[in-house]
Amino acid sequence: MQTINGLDRIGEENAFAVLARAEQLKADGKDVINLGIGQPDFRTPEHIVEAGIKALRDGHHSYTPAPGISALREAVASDIDRRYALEVDPNLVLIVPGGKVTMYLAIIMFGEPGAEIIYPDPGFPIYQSMINFTGATAVALPLHEENGFAISTDDILERLSERTRLIILNSPGNPTGGVTPREQFDALADALEARPDICILSDEIYDQFLFDGREHVTLLSYPQLRDRLILLNGWSKTYAMTGWRIGYAIWPPALFDKARKLAVNCYSCVNASAQWAGLAALEGSQVPVYEMVKEFDRRRQVLVNGLNSIENISCETPHGAFYAFANISQTGWKAKELASALLEQQGVATIGGLDFGPEGEGFIRLSYASSEANIIEALSRIQRFIT
Ligand code: PLP
């Protein structure tokens, strides 16, 4: 069967393979601690679940408008106003089945042979996978440990060419937990005034997971970028709703209708009850979010301190998201081999850094979206294994 060449170049997200293997080992009776998958271990708050159930009971069983129900699009705009005091036109909000869909839409909109797209390395693996799929050139933007894995504007500017069409940014970042300081974004916004042809995809899905007094800098706060900024966000992480499959994007006016058409061609609309649940999330109490983030902060400290006390492992303190990116280069292990050995021999699931790009070699990602007891047990198993 002849399929398109792009399918030979497409990648995937190894976190799902690790999840499947961890589940298999558990089913075989092994005691497995999963620090691999990137999702909160909390349940979706009860009032959100109830709103989803009520929507089904109330008969919300039909298609909704493709961009989402208007109350939800308006609630997204109000939420941004509440959190950042920034105005967003609800007509530019596109409700999508998960934050990931926005990167898919944005990358196929700009990617084709001859085009260049800049993406963070180490970074969320789907960026590079989708760029390769389109035939565009994936231009890696290395993130450095000594820099706290922040994005460097100088590094971006060095990689611009006449063919650059899209720059993908992600702060707080997966897999590193790196948070990019405001000065870097200020400098980028200034520099890109000379390049109005370049679009930006800012993946801000971890915008509520910040620690040590760090503030989130949303790219929406740069008026000079608004006409070419695609903002990716959603409910998956903030409200522990990964399985509901709902996210949102804010598109620039010139691109909104193109994105809407792609959505209509692909999935028609997001399932109605998830949209009503998403509305309850934004309009209801935010206390569960604050409590979850507080708990993650505690676990983060346990995990990072524990990692730093293991011989030959070191870990920069991550200031955002819910991942620690531990440097294992002194252990003598390659990242993927170590992740695999830890899972098979110690029952600890982590992700080898290479799964996030070549710059991830020498690191493993550990999610602290797991109980403190699990983290402590995982640390002692890792210590035993390494030493
Ligand atoms: N962006 C980043 C950086 C992520 O880490 C993830 C999920 O892990 C997503 C987007 C996708 O989120 P969703 O589950 O809403 O599709």
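The values are calculated or read from the model by the stated rules, or taken from the named source; none is laboratory data. Bear in mind that the values here come from a model prediction, so they are computed numbers and not experimental data. No Cβ is skipped: glycine too gets one built from the backbone with ideal geometry, and neighbour counts run over all protein chains shown.
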Point to revise | Only one of Leu303, Leu232 that is touching a residue at least 12 places away in the same chain (Cβ under 8 Å), crowded, with 22+ Cβ neighbours inside 10 Å and not assigned by TED's automatic domain parsing to the domain that holds Ile167 | key: Leu303
Exercise for review: Would you mind listing the helices (runs of 4 or more DSSP H) fully within the range 1-119 where at least 1 residues are aromatic (Phe, Trp, Tyr) and not assigned by TED's automatic domain parsing to the domain that holds Thr153?
Suggested key: 14-27
Exercise for review: Tell me which residues, restricted to the range 234-275, are under 24 Å from Gly59 (Cβ atoms), within 14 Å of the ligand (Cβ to nearest atom) and either aliphatic (A, V, I, L, M) or in contact with an Asp or Glu (Cβ under 6 Å, 6 or more places away or on another chain) (or both).
Suggested key: Met241, Ile246, Val270, Ala274
Check your understanding: On the given criteria, is Val264 surrounded by fewer than 17 Cβ atoms within 10 Å (Cβ to Cβ) and aliphatic (A, V, I, L, M)?
Key -> yes
Check your understanding: Within the range 88-104, is even one residue surrounded by 19 or more Cβ atoms within 10 Å (Cβ to Cβ) and more than 16 Å from the ligand (Cβ to nearest atom)?
Key -> yes
Point to revise | Which numbered condition Ala191 misses (of (1) of a type in the set (A, V, I, L, M, F, W, C); (2) surrounded by fewer than 17 Cβ atoms within 10 Å (Cβ to Cβ); (3) within 16 Å of the ligand (Cβ to nearest atom)) | key: (3)
Practice item. Take Pro45 and decide whether it is away from the ligand (no atom under 16 Å from the Cβ), surrounded by 20 or more Cβ atoms within 10 Å (Cβ to Cβ), of a type outside the set (Lys, Arg) and modelled with pLDDT of 90 or more. Key: yes
Point to revise | Where Arg73 falls short, out of the listed (1) in contact (Cβ under 8 Å) with a residue 12 or more places away in the chain; (2) surrounded by fewer than 20 Cβ atoms within 10 Å (Cβ to Cβ); (3) charged (D, E, K, R) | key: (2)
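Hey, does the range 310-326 have a residue that's touching a Lys or Arg at 6+ places or on another chain (Cβ under 9 Å) and without any contact (Cβ under 8 Å) to a residue 60 or more places away in the chain? Steps first, answer last, please.
Initially, the range 310-326 is screened for residues touching a Lys or Arg at 6+ places or on another chain (Cβ under 9 Å), giving 317-326.
Now restrict to residues that are without any contact (Cβ under 8 Å) to a residue 60 or more places away in the chain: 326.
Taking every residue of the range 310-326 in turn, at least one turns out to be touching a Lys or Arg at 6+ places or on another chain (Cβ under 9 Å) and without any contact (Cβ under 8 Å) to a residue 60 or more places away in the chain.
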